[in-house]
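One structure is given below, encoded as structure tokens.
The values are calculated or read from the model by the stated rules, or taken from the named source; none is laboratory data. As the structure is a prediction and not an experimental result, all values here were calculated from the model. Neighbour counts are summed over all protein chains in view; Cβ atoms, including those assigned to glycine, are modelled from backbone coordinates with ideal geometry. To get the accessible areas, we keep the full protein, side chains included, count just its heavy atoms, and leave off ligands, DNA and RNA. Shrake-Rupley method; radii C 1.70, N 1.55, O 1.52, S 1.80 Å.
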Amino acid sequence: MNLAGELNPAQLKAASHLDGPLLVLAGAGSGKTRVLTSRIAHLVENLGIDPYHILAVTFTNKAAAEMKDRIERMLVQGDVPQWVGTFHSLSARILRREAETLGFRRDFVIYDGDDQLTLIRRLMKDLEISDKRFAPEAVRNHISGAKDRLIPPGEYKDQHGDFFEQQVVSRVYDAYQLALEDCNALDFDDLIMRLAEGYATHPDLLSRYQERFQYILVDEYQDTNRAQYEWINRLAKKYRNLCVVGDDDQSIYAWRGADIRNILEFEKDYPEARVVRLEQNYRSTGLILKAGNEVIRNNKDRKGKELWTDNPTGEKIGLVETLDERDEARWISRKIQEMRNGAGRSLRDFTLLYRTNAQSRTLEDELRRAGMPYVIVGGVRFFERKEVKDVLAYLKILVNGRDVISFRRMVNIPARGLGAVSVGRVERLAVERDMDYVEALYRAGEEELSGKAARAAADLGEFLLRLRSRLDEISGAEAARSLLEKTGYLRELELEAAKNVEAEARVQNINELMAALEEATERPEEGQPVTGLIEFLEEVALVTDIDRWDESVECVTLMTLHNAKGLEFPIVFITGLEDGLFPISRAMESPADLEEERRLCYVGITRAQEQLFLTHANLRRRYGGATTSLRSRFIDEIPEELVTRESTGRFYTRSSWQQDEKASDTPFEDDIASPRTVQTPTGSIRISRGQDVKHPVWGKGRILQVAGSGDDLRATIRFSDTTKKVIVKYAALEKI
């Protein structure tokens with residue numbers, strides 16, 4: 001294959017690199033996937049590297065599938081490397097092979113977020129920890145963070161000092177990990193942590209995989225956390241043929257453990273590394289790209305690059321000021337209609353991005369009123385719907401009888417007379433006799449229960465034992481059909497479907513699940529049973545919202561800015577560009593967090609291919625009230641010559657808000673619009689919302705909100721690197 005004819009000079013330099021570490025700083029839209037796939041194809045076809053020795057890692061199944069497809073189309077003679085996938089899918093694959101070496105069974109199940117919460121709530125109850133006072137979601141997030149940093153339960157307490165971490169998280173973490181082992185289950189974080197630990201504690205295992213993976217390529221390296229960093233670098237230590245591709249300007253996942261230092265300090269880890277910058281953008285117009293460059297240059301913690309493009313200059317960026325979030329949504333809806341009618345645009349050309357999921361409500365309302373279909377990427381995932389999880393629980397208990405979470409979910413669905421007392425006796429029998437829950441069901445029908453409960457337990461246990469014994473002979477789809485027929489689950493749904501549309505949709509979801517099972521069993525993994533059931537359940541556990549998104553459907557797309565990472569769209573609306581919302585309020589007191597918010601803004605801007613609109617509202621209702629807003633500082637970082645300004649022309653007064661929203665309460669009861677005079681240590685000062693002031697420590701700032709009265713008059717002030725709430729009397733402010 002001829003690389004020179006397909007790649008620009010920088011891409012060619014990266015793709016043709018052979019031995020030694022390589023850092024590819026790939027700007028937005030610069031063709032990094034082309035570089036990765038070209039490099040792999042070059043290694044196989046031109047240099048004769050055995051595909052068996054190549055490992056390619058990315059973050060989404062969609063990206064991995066695209067990478068495999070491109071490599072296959074590029075190769076003429078060589079085979080496509082089989083070890084191309086996400087961190088989690090590749091880890092699960094290795095752990096299946098090496099489970100006994102690492103101390104657990106190959107038939108482990110993978111717990112998703114809901115399964116984790118169910119288990120954590122149960123453990124908190126057992127430990128007499130109130131789930132009203134301490135949110136199980138917060139406990140789960142802290143445990144996940146610990147695993148991201150490779151901190152095991154026994155070391156967590158020593159490394160954390162506050163009450164919540166010492167007395168709540170530490171205790172639950174200890175019990176949680178033991179419970180996972182009892183259930184023969186791993187959570188998402190375990191997939192990475194257990195393998196990274198395994199490489200550290202089993203030298204023979206590490207050596208074996210170092211020999212196998214002599215050429216390692218990692219996409220989106222800026223998004224790796226500590227555990228993934230160790231996972232990769234321990235493998236690469238022997239041959240040091242590590243190629244990492246990423247963009248420090250698009251590192252936006254610190255909140256879930258990503259460490260930007262991994263890419264910023266790559267050259268410290270590998271002093272001999274070659275660095276290649278991909279700066280030619282193939283995605284966006286010149287003006288959109290310039291706007292992104294101008295925003296991101298305000299960050300200090302970055303490698304630095306200047307993207308450029310041969311694309312047309314394009315239209316100016318639309319900057320739109322609206323009254324409130326309802327007015328904002330109406331303007332967007334009208335603009336889409338206008339562009340459809342005037343320019344013949346398809347609905348699938350339009351994408352609406354926002355900082356928080358809650359912002360989608362009014363956008364959805366206005367799209368529905370306009371009769372425009374839409375899809376939300378990041379809503380309830382297919383495999384998280386109740387009826388789908390019910391059937392999956394039956395399948396999970398078949399392959400892993402010790403999965404207590406799945407057992408509790410399926411044991412009385414549909415209702416079969418096994419109440420909490422009966423289920424408790426079955427669980428006790430399983431623990432006392434060290435048997436799995438399917439066996440315990442059958443035995444409990446003979447020994448522990450009586451009457452209807454005994455017959456129900458024995459019948460269910462006998463059926464599941466028989467079905468489990470046939471898993472090597474029948475397909476996963478056949479097993480699922482047997483379950484649905486024997487339990488009567490689908491029959492009950494079909495009877496309900498005759499009465500309401502919601503139940504009909506649930507029947508359709510079951511049918512789609514069956515179709516997915518049929519497809520999965522047509523492509524079983526080499527050396528695995530014909531069912532492919534374990535592999536199917538693993539794939540289900542690892543699927544993401546983006547993996548199931550179909551961009552060809554004729555509808556408007558809505559998603560958070562975080563979900564938009566790695567994607568591109570013809571026309572983009574970024575909504576809610578107000579200080580306190582974007583950047584989010586909690587980020588404005590930390591320079592590092594504020595830089596991450598700016599990177600998120602940069603990601604949003606550089607998703608747009610042809611046109612970009614930025615909208616902000618003067619008022620926004622939150623938690624039942626309304627507060628005034630100032631446009632985001634990120635808007636002010638875009639040069640005036642790049643934008644065209646538009647306003648909906650509505651006044652934001654108390655009466656207009658109340659008339660528009662039919663509100664009966666006063667939204668401004670704690671926000672003072674008129675100027676107030678206050679005596680301060682530096683003299684008398686007259687302040688009001690929107691006024692510029694100076695503080696002796698924080699420097700110049702702008703007043704966002706004024707509340708209270710007299711000596712208790714308070715002001716919220718946006719300074720360059722932080723936002724502060726002050727009591728004006730003591731703040732030593734000076735008017736500018």
field: Answer from THR101, THR86, THR37, THR60 - the residue that is among the hydroxyl-bearing types (Ser, Thr, Tyr) and modelled with pLDDT under 90
entry: THR60
task: Take GLN210 and decide whether it is open to solvent by 10 Å² or more (accessible area, probe 1.4 Å) and of a type in the set (S, T, N, Q).
output: yes
- prompt: Does TYR623 qualify as being out of contact with any Leu (no Cβ under 9 Å at 6 or more places or on another chain) and either of a type outside the set (A, V, I, L, M) or modelled with pLDDT of 95 or more (or both)?
  reply: yes
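Can you name the helices (runs of 4 or more DSSP H) wholly within the stretch 97-161 that have at least 3 residues being open to solvent by less than 20 Å² (accessible area, probe 1.4 Å)?
Values: elements: 113-126, 136-148, 153-159.
Passing ranges, in order: 113-126, 136-148.
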- prompt: Filtering the stretch 13-49 down to residues that are within 25 Å of the chain's Cα centre (by Cα) and at positive phi, which residue is surrounded by the most Cβ atoms within 10 Å (Cβ to Cβ)?
  reply: GLY29
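For every residue, the table says whether it meets (1) open to solvent by 20 Å² or more (accessible area, probe 1.4 Å); (2) not in a strand (DSSP E or B); (3) not aromatic (Phe, Trp, Tyr).
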position: SER684; (1), (2), (3): yes, no, yes
position: ARG689; (1), (2), (3): yes, yes, yes
position: VAL693; (1), (2), (3): no, no, yes
position: VAL697; (1), (2), (3): yes, yes, yes
position: ARG702; (1), (2), (3): yes, no, yes
position: GLN705; (1), (2), (3): yes, no, yes
position: ARG718; (1), (2), (3): yes, no, yes
position: LYS725; (1), (2), (3): yes, no, yes
position: LYS729; (1), (2), (3): yes, yes, yes
task: Report yes if some residue within the stretch 227-240 is under 20 Å from ASP148 (Cβ atoms) and of a type in the set (D, E, K, R); otherwise report no.
output: yes
message: Any residue in the stretch 27-38 that is over 16 Å from ASP248 (Cβ atoms) sitting within a Cβ distance under 6 Å of a residue that is open to solvent by 10 Å² or more (accessible area, probe 1.4 Å) and part of a helix (DSSP H, G or I)? List the pairs, counting only those 6 or more apart or interchain.
response: THR37/ARG70
- request: Go through (1) assigned to a helix (DSSP H, G or I); (2) open to solvent by 30 Å² or more (accessible area, probe 1.4 Å); (3) under 27 Å from GLU597 (Cα atoms); (4) not aromatic (Phe, Trp, Tyr) and name the single condition ARG368 misses.
  value: (3)
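Working only within the stretch 269-320, note down all residues that are hydroxyl-bearing (Ser, Thr, Tyr), touching a helix residue (DSSP H, G or I) at 6+ places or on another chain (Cβ under 6 Å) and open to solvent by less than 10 Å² (accessible area, probe 1.4 Å). Give the steps one after another, and end with the answer.
So the first thing to find is which residues in the stretch 269-320 are hydroxyl-bearing (Ser, Thr, Tyr), and the list is 270, 282, 284-285, 309, 313.
So of that shortlist, the ones also touching a helix residue (DSSP H, G or I) at 6+ places or on another chain (Cβ under 6 Å) come out as 309, 313.
Answer for the stretch 269-320, where residues must be hydroxyl-bearing (Ser, Thr, Tyr), touching a helix residue (DSSP H, G or I) at 6+ places or on another chain (Cβ under 6 Å) and open to solvent by less than 10 Å² (accessible area, probe 1.4 Å): there is none.
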query: Restricted to the stretch 162-176, and to residues that are polar (S, T, N, Q) and surrounded by fewer than 17 Cβ atoms within 10 Å (Cβ to Cβ), which residue is nearest to THR201 (Cα to Cα)?
result: GLN166
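Listed here are the residues, each with its yes/no results for (1) farther than 16 Å from ARG416 by Cβ; (2) part of a helix (DSSP H, G or I); (3) among the hydrophobic types (A, V, I, L, M, F, W, C).
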| residue | (1), (2), (3) |
| --- | --- |
| LEU441 | no, yes, yes |
| ALA444 | no, yes, yes |
| ALA453 | no, yes, yes |
| ASP459 | no, yes, no |
| GLU462 | no, yes, no |
| LEU465 | yes, yes, yes |
task: Please enumerate the residues belonging to the stretch 271-328 that are more than 17 Å from GLU637 (Cα to Cα) and assigned to a strand (DSSP E or B).
output: ARG274, VAL275, VAL276, ARG277, LEU278, GLN280, TRP308, THR322
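Would you check which residues across the stretch 256-268 are in a helix (DSSP H, G or I) and open to solvent by less than 30 Å² (accessible area, probe 1.4 Å) and list them? So that I can check it myself, show each step before the final result.
Initial filter on the stretch 256-268 (in a helix (DSSP H, G or I)): 256, 261-264, 266-268.
Across the stretch 256-268, the qualifying residues are ASN262, ILE263, PHE266.
Criterion first (open to solvent by 20 Å² or more (accessible area, probe 1.4 Å), over 30 Å from GLU325 (Cβ atoms) and in a loop (DSSP other than H, G, I, E, B)) does GLY417 satisfy it? Explain how you work it out, then say what you get.
On the way: open to solvent by 20 Å² or more (accessible area, probe 1.4 Å): yes; over 30 Å from GLU325 (Cβ atoms): yes; in a loop (DSSP other than H, G, I, E, B): yes.
Answer is yes for this residue.
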task: Quick one: ALA456 ticks every box in (1) under 35 Å from the mean Cα position of the chain (by Cα); (2) in contact (Cβ under 8 Å) with a residue 40 or more places away in the chain except a single one, so which number is it?
output: (1)
query: Within the stretch 171-191, can one find any residue that is assigned to a loop (DSSP other than H, G, I, E, B) and within 17 Å of PHE87 (Cβ to Cβ)?
result: no
- line: Of the residues in the stretch 329-362 that are in contact (Cβ under 8 Å) with a residue 40 or more places away in the chain and in a loop (DSSP other than H, G, I, E, B), the one that is surrounded by the most Cβ atoms within 10 Å (Cβ to Cβ) is ARG355
